[in-house]
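Notes to accompany the following structure.
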Amino acid sequence: MGIFDDAVPGGSISKPIMIALGALLVGKLLGGGGKDEAPQAQQPNQPANSGADDGGLLGNLGGLAGGLGGLGGLGGLLGKLAEAGQGSVADSWVKPGQNEPIAPGSLENALGSQTISDLARQAGISEQELLNQLSKVLPGVVDKLTPQGQIPNQAQIAALLRS
């Protein structure tokens, strides 16, 4: 898978988890059409967590990204982790050096059960499996995405995820 080959123990990230990572970090499906480049901007009055059944799963990813702390994407994810008391853990992924682990339960607390259930449905796996896998791969993936301790923008992340 290129950039993420050595991001995780065992060396590969399963397709469902790549889908979930794409949704989480970019806010839309990998390789998604260019027309919904800024899903958050199109519906300024729509609350981020409006009903999961309104726009189908694809339509919902924009809301999902918007639900991850305003910024959406990686910045929003790190913000959510910090709010949930996992700031030092998240910082360890961004900064050079050892990545601290995160427990599946801590990840669920940070992201919220609605987001987890949306991601699991998107990826086609159970919520528990999603949490177990994400808690394993997220530290290494975030570490890879922030080589100089800088948070890339969503377009840069999308390009990396596709490579």
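The values are calculated or read from the model by the stated rules, or taken from the named source; none is laboratory data. Everything numeric in this text was worked out from a predicted model, so none of it was measured. Counting neighbours? That spans all protein chains shown, and the Cβs are built from the backbone with ideal geometry, glycine included.
Could you identify the single residue in G85, G33, G112 that is loosely packed, with under 13 Cβ neighbours inside 10 Å and modelled with pLDDT of 90 or more?
G85
Results for (1) farther than 13 Å from L25 by Cα; (2) at pLDDT below 95; (3) part of a helix (DSSP H, G or I), shown as yes or no for each residue.
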{"site": "L78", "(1), (2), (3)": "no, yes, yes"}
{"site": "I116", "(1), (2), (3)": "yes, yes, yes"}
{"site": "L119", "(1), (2), (3)": "no, yes, yes"}
{"site": "P147", "(1), (2), (3)": "yes, yes, no"}
{"site": "L160", "(1), (2), (3)": "no, yes, yes"}
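Farther than 17 Å from M18 by Cβ and hydroxyl-bearing (S, T, Y) - does that describe any residue in the range 91-107?
Yes, because at least one residue in the range 91-107 is farther than 17 Å from M18 by Cβ and hydroxyl-bearing (S, T, Y).
I'd like the full set of residues that are without any contact (Cβ under 8 Å) to a residue 40 or more places away in the chain and among the small types (G, A, S), limited to the range 122-145.
Hits for the range 122-145 are S126, S135.
Taking interchain pairs and intrachain pairs at least six residues apart, which have beta carbon atoms under 6 angstrom, with the first residue in the range 63-85 and farther than 22 Å from P104 by Cβ and the second in a loop (DSSP other than H, G, I, E, B) and at pLDDT 50 or above?
Taking only residues 6 or more apart or on different chains, the pairs are G66/G72; G72/G27; G75/I151.
Which of the residues that make up the range 94-114 are farther than 18 Å from L74 by Cβ and part of a helix (DSSP H, G or I)? Break it down into steps so the answer makes sense when it comes.
As a first pass, look at the range 94-114 and keep what is farther than 18 Å from L74 by Cβ: 97-98, 101, 103-105, 108-109, 113-114.
Answer for the range 94-114, where residues must be farther than 18 Å from L74 by Cβ and part of a helix (DSSP H, G or I): P104, G105, E108, N109, S113, Q114.
Could you say whether any residue in the range 40-55 is within 12 Å of the chain's Cα centre (by Cα) and either modelled with pLDDT of 95 or more or not in a helix (DSSP H, G or I) (or both)?
no
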